[in-house]
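Read the structure below first, then the notes.
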Amino acid sequence: MRFNRHGVWAIYHFELARFRRTVWQSLMTPVITTSLYFIVFGAAIGSRMSEVNGVPYGAFIVPGLIMLSLFTESIFNASFGIYFPKFTGTIYEILSAPVSPAEIVLAYVGAAATKSMLIGSVILLTANFFVPVQILHPFWMVAFLILTAVTFSLFGFIIGVWAKGFEQLQVIPMLIVTPLTFLGGAFYSIDMLPPAWRTFSLFNPIVYLISGFRWSFYGESDVAIEVSLLATLGFFGLCLLVVGWIFKSGYRLKN
Amino acid sequence: MSAILSISGLTKTYASGLQALKKVDLEIRKGEIFALLGPNGAGKTTLISIVCGIVTASSGTVVADGHDIVRDYRDARMKIGLVPQELTTDTFETVWATVTLSRGLFGRAPNPALVEKVLRDLSLWDKRKDKIMTLSGGMKRRVMIAKALAHEPSILFLDEPTAGVDVELRRDMWAMVRRLRDEGVTVILTTHYIDEAEEMADRIGVIRKGELILVEEKATLMRKLGRKQMTLQLQEPMQAIPEGLSDWNLTLRDGGHGLEYSFDVHEEKSGIPELLRRMGELGIGFKDLNTEQSSLEDIFVSLVSTRTESAS
C-alpha cells in the first residue's frame, strides 16, 4: 500500500491556509454568537429557568451549542472545500494527480474537521467565561468531538460533490441540519417534551449526538450512551459508504 | 526511439451517447514534440483527459513511461503534467501557494529551489506573492504551465496552449516548449493553429470525429501531401484554357489574367519545362511567374474536408 503523504499534506495545508486568511472572521463569529447565546439564555432567561437534571440551564446548553457549530462548520467547510474546485474547474488537477480517493477524502475532510474542532474548542473556552462548565468524561468528550467533526465533514464532502450550485450547498444545512439540531435537544432535554413528541424525537439522529456529547460533560443523557455512540458511528459508516460509492462511480466528479 | 506513451484501442463513449473516441492507437516517442490537430469536437481533449486520469476510458489501454494509467496510476501520473485549455486557477491564492500545492499533489517533496526555477523560467518570479486574480490572462496561462511543471514531469500535455494568447507570449511559449524538449521532456500539444504545429512539431497526428486519421513525421507529411502552385501572369487575358494545354492541371485566375498550375512536389517530374515550352509553341506570353508551396494548413483543410466528403 502506497501513501501519497506529500499530496495529502499539500491539500490539507492549502485548505487550512484559506482558513488562516480569514482566521479573525472564522473565530470571532462563533465567539460573538456564543457570547450572545449566554447573555440571552444564560443571564437574561436562564436565571428564571430551573436547572435541567441538576445542571444550571446556561451550562446545560453548552454541549448543544458546540454541537450546533460543529455540524454547521464541518458541513460548510468540507462542502465548500470540494465544491469550490469543481466550480472554478481546478478540480482537474486533483483528478489528474497521483492521489487515491481515500487520500483526497482524508485531506479535505481532515482539514474541514480540524477547522470545526478549533471552532468548537473556542466556543467551549468562551462558554467557560459565562457559565460553570464541567467535563466529567474528558476522553469521551474529545472522542465525540472528533467523531462528530469527521462525520459531518464527510457529510459536507458528499453535499459538496452533489451540489450543482451555491444555493444547493446551503439547502441541506439550512433545511435539514439546523432544524433537526434545534429540535434535537440542543436547548432542552427531550425528557421535557410530551410523550408523543419525545417518541417522535427519537427518530431524529441529532438527538443521539447531542445526548452523547452532553453525557460526556454532565453524566446525564436523554438516551443511553452506548446507543449514542452506535448512532454516531452508524452515521459515520453511512457517510463513508456514500463517499466510497462516489469515487467508485465517479459520480459528479468524473465522466 | 522508444515509445514513452502507448495508447491502444482507446474508446470513449459519453453517457450522452456521444462517441468521442473510436479505437485510437497512438505511440508517442520519447523526447519528441507531437502535435495533435483537429477541428473542434474531434476528441483531442477527451484523449488528453483520459491519459491524465480526468476521464475514464470506455475501453483500451494507455501506458505512460512503462506504467499502465489505471493499474499503476500513481507512477503513471507522476510522470505526466497537464496544462488544460481553460484558464482554471485558484483565484484567491498566490502564485507561490498554487504552484507549491501542485508539486505536493503529485507526490513530490517540497523543493522551494525548484519552484523558484520554474517561476523564473516563466517570468513569474516577481509575481510570486500576487494573488492569481490580479494577474493578466497571459500571466495566468504561465501559472498554469508552472503548475504542470512543478513536479518535473517527463510527459507534458499542452491543450491549446496558445489559444487567445498574444504574439509575444506565443513566441515565449514556443521557446519554452523547445527548451523542455532539450531537457528531455516529451511534449504533446493540441492546437487549432496549424502554423504552430508546423513551427513546433516533430510529428503530427490528425484527429477527426474521434478517429486518428493520420500520424506522420511533419517533414514527410509536408512532402507527401505538399502541393506546389505555379502562377503565371499572362500578357493577354484568356477566356478559356486552350486545347493544347489540357495535359496539365490548370486553372484560370484573376478573370483570365493569371494561369495557375498545381502539381505534387514529390512527383518525379514537375511538368513545368514542358508546360512552358508548349506555351511558347502556342504563342502564350507571360510577364511574371511565381511558385508557392502549400502550407500545413492547406494540407490539413484538404485532408479533413476530403475525409468528410468520403464519409458522407
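The values are calculated or read from the model by the stated rules, or taken from the named source; none is laboratory data. A quick note: this is a predicted structure, and the numbers were derived from the prediction, not measured. Neighbour counts run over all protein chains shown; Cβ positions are idealised from the backbone, glycine included.
Structure summary
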read-out: Set A:A44, A:A59: member being among the small types (G, A, S), part of a helix (DSSP H, G or I), more than 14 Å from every other protein chain (Cβ to nearest Cβ) and farther than 16 Å from A:N128 by Cβ; value: A:A44
read-out: Selection within the range B:99-153 - polar (S, T, N, Q), in contact (Cβ under 8 Å) with a residue 12 or more places away in the chain and more than 20 Å from B:S49 (Cα to Cα); value: B:T100, B:S123
read-out: Residue match in the range B:208-217 (condition: more than 14 Å from every other protein chain (Cβ to nearest Cβ), crowded, with 21+ Cβ neighbours inside 10 Å and at positive phi); value: yes
read-out: Failed item in (1) away from every other protein chain (no Cβ under 14 Å); (2) surrounded by 15 or more Cβ atoms within 10 Å (Cβ to Cβ), with A:L253 passing the rest; value: (1)
read-out: Test for A:E73: is it away from every other protein chain (no Cβ under 14 Å), closer than 22 Å to A:V150 by Cα and either modelled with pLDDT of 90 or more or in contact with a Lys or Arg (Cβ under 7 Å, 6 or more places away or on another chain) (or both); value: yes
read-out: Candidates A:V142, A:V242 - the one that is β-branched (V, I, T) and closer than 23 Å to A:P63 by Cβ; value: A:V142
read-out: Output for the range A:51-61, where each listed residue is within 24 Å of A:V177 (Cα to Cα) and surrounded by fewer than 21 Cβ atoms within 10 Å (Cβ to Cβ); value: A:Y57
read-out: Residue ID - nearest to the other protein chains (Cβ to nearest Cβ), chosen from residues in the range A:200-250 that are among the hydroxyl-bearing types (S, T, Y) and within 23 Å of A:A78 (Cβ to Cβ); value: A:S249
read-out: Unique residue being in a loop (DSSP other than H, G, I, E, B) and over 22 Å from A:F129 (Cβ atoms) when the list is A:V109, A:V99, A:V105; value: A:V99
read-out: Hey, A:K86 closer than 30 Å to B:A150 by Cβ and charged (D, E, K, R) or not; value: yes
read-out: Residues satisfying the stated conditions in the range B:55-74, i.e. closer than 30 Å to B:I132 by Cβ and either more than 11 Å from chain A (Cβ to nearest Cβ) or not basic (K, R) (or both); value: B:V55, B:T56, B:A64, B:I69, B:Y73
read-out: Candidates B:T13, B:T45 - the one that is surrounded by 20 or more Cβ atoms within 10 Å (Cβ to Cβ) and either within 13 Å of chain A (Cβ to nearest Cβ) or among the acidic types (D, E) (or both); value: B:T45
read-out: Selected residue (only one of A:G64, A:G7 is on the phi < 0 side of the Ramachandran plot, crowded, with 20+ Cβ neighbours inside 10 Å, among the small types (G, A, S) and within 14 Å of chain B (Cβ to nearest Cβ)); value: A:G7
read-out: Set B:R108, B:R77, B:R29: member being facing chain A (nearest Cβ under 10 Å) and surrounded by fewer than 22 Cβ atoms within 10 Å (Cβ to Cβ); value: B:R108
read-out: Matching residues, the range B:211-227, being more than 16 Å from the chain's Cα centre (by Cα) and outside any helix (DSSP H, G or I); value: B:G226, B:R227
read-out: Qualifying helices (runs of 4 or more DSSP H) (wholly inside the range A:120-221; at least 3 residues being modelled with pLDDT of 90 or more and surrounded by 21 or more Cβ atoms within 10 Å (Cβ to Cβ)); value: A:138-162, A:205-218
read-out: Number of positions in the range A:76-88 that are within 14 Å of another protein chain (Cβ to nearest Cβ) and closer than 13 Å to A:E15 by Cβ; value: 6
read-out: B:L82 vs. criteria surrounded by 23 or more Cβ atoms within 10 Å (Cβ to Cβ), under 18 Å from the mean Cα position of the chain (by Cα) and at the interface with chain A (Cβ under 10 Å from one of its Cβ atoms); value: yes
read-out: Residue count for the range B:10-55, restricted to those that are in a loop (DSSP other than H, G, I, E, B) and of a type in the set (S, T, Y); value: 2
read-out: Filter result for B:L87 (under 30 Å from B:T134 (Cα atoms), among the aliphatic types (A, V, I, L, M), facing another protein chain (nearest Cβ under 10 Å) and buried (at least 23 other Cβ atoms within 10 Å of the Cβ)); value: no
read-out: Residue ID - nearest to the other protein chains (Cβ to nearest Cβ), chosen from residues in the range B:111-132 that are of a type outside the set (D, E, K, R) and more than 22 Å from B:G164 (Cα to Cα); value: B:N111
read-out: Among the candidates B:A35, B:A20, residue that is facing chain A (nearest Cβ under 10 Å) and more than 30 Å from A:H6 (Cα to Cα); value: B:A20
read-out: One residue from B:R142, B:R103 being modelled with pLDDT of 95 or more and either farther than 30 Å from B:T13 by Cβ or outside the structural domain of B:N40 (by TED's automatic domain parsing) (or both); value: B:R103
read-out: Residue check for B:K140: among the basic types (K, R), in a helix (DSSP H, G or I) and more than 9 Å from chain A (Cβ to nearest Cβ); value: yes
read-out: Flag for B:E116 being part of a loop (DSSP other than H, G, I, E, B), acidic (D, E), in the same structural domain as B:T13 (by TED's automatic domain parsing) and under 27 Å from A:E15 (Cα atoms); value: no
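Listed here are the residues, each with its yes/no results for (1) over 29 Å from A:L180 (Cα atoms); (2) more than 13 Å from chain B (Cβ to nearest Cβ); (3) free of Cβ contacts under 8 Å to residues at least 24 places away in the same chain; (4) surrounded by 18 or more Cβ atoms within 10 Å (Cβ to Cβ).
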residue	(1), (2), (3), (4)
A:H13	yes, no, yes, no
A:R20	yes, no, yes, no
A:S26	no, yes, no, yes
A:M49	no, yes, yes, no
A:E93	yes, no, yes, yes
A:V99	yes, no, no, yes
A:A113	no, yes, no, yes
